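Below is one structure; the comments refer to it alone.
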Amino acid sequence: CLWCYTNNTCINYPVRSILPPSSLCSLSNARWGVCWINFEALIIAIAVVAGLILVSIAVCCCYCCYCRRRSRRPDEEEQLARKREERRLQSLQR
């Protein structure tokens, strides 16, 4: 059901389109399902939630990549230290 405050009528929701066309009812006056859910507020709320999800996924990906780089550094430093020690031992043996 699409409730329109300008006409005070309940119209069958146009299922072929995602948003109701302005010819039926303006978006600011359209209510969805129950009379207190405003279409504009619903669209804004969905956009904010989707944006937060995308930002959190991006932050998690960046954090994971940073952690992987950071965890590799000690391994590389240990390998370099081992090579230095091997070179030092070889030079002492000569």
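The values are calculated or read from the model by the stated rules, or taken from the named source; none is laboratory data. Keep in mind that this is a model prediction, so the values were computed, not measured. Calculation scope for accessible area: heavy atoms of the full protein, side chains included, ligands and nucleic acids excluded. Shrake-Rupley method; radii C 1.70, N 1.55, O 1.52, S 1.80 Å.
Report the residue, chosen from S28, S56, S17, that carries the largest GNM mean-square fluctuation when the chain is represented by alpha-carbon nodes joined by springs under 10 Å.
S17
Compute the angle between helix 39-93 and the longest alpha-carbon principal axis of the chain, please, reported from 0 to 90 degrees and rounded to the nearest 10.
Approximately 0 degrees, to the nearest ten.
Please report, as a whole percent, how much of the solvent-accessible surface of the chain comes from carbon and sulfur atoms (probe radius 1.4 Å).
Heavy-atom surface of the chain belonging to carbon and sulfur, 1.4 Å probe: 61 percent.
For the chain, set up a Gaussian network in which alpha carbons nearer than 10 Å are linked by springs, and say which option among A47, A58, A81 fluctuates the most.
Of A47, A58, A81, the most mobile in the Gaussian network model is A81.
Kirkwood Rh, the chain, all Cα pairs: how many Å?
18.6 Å
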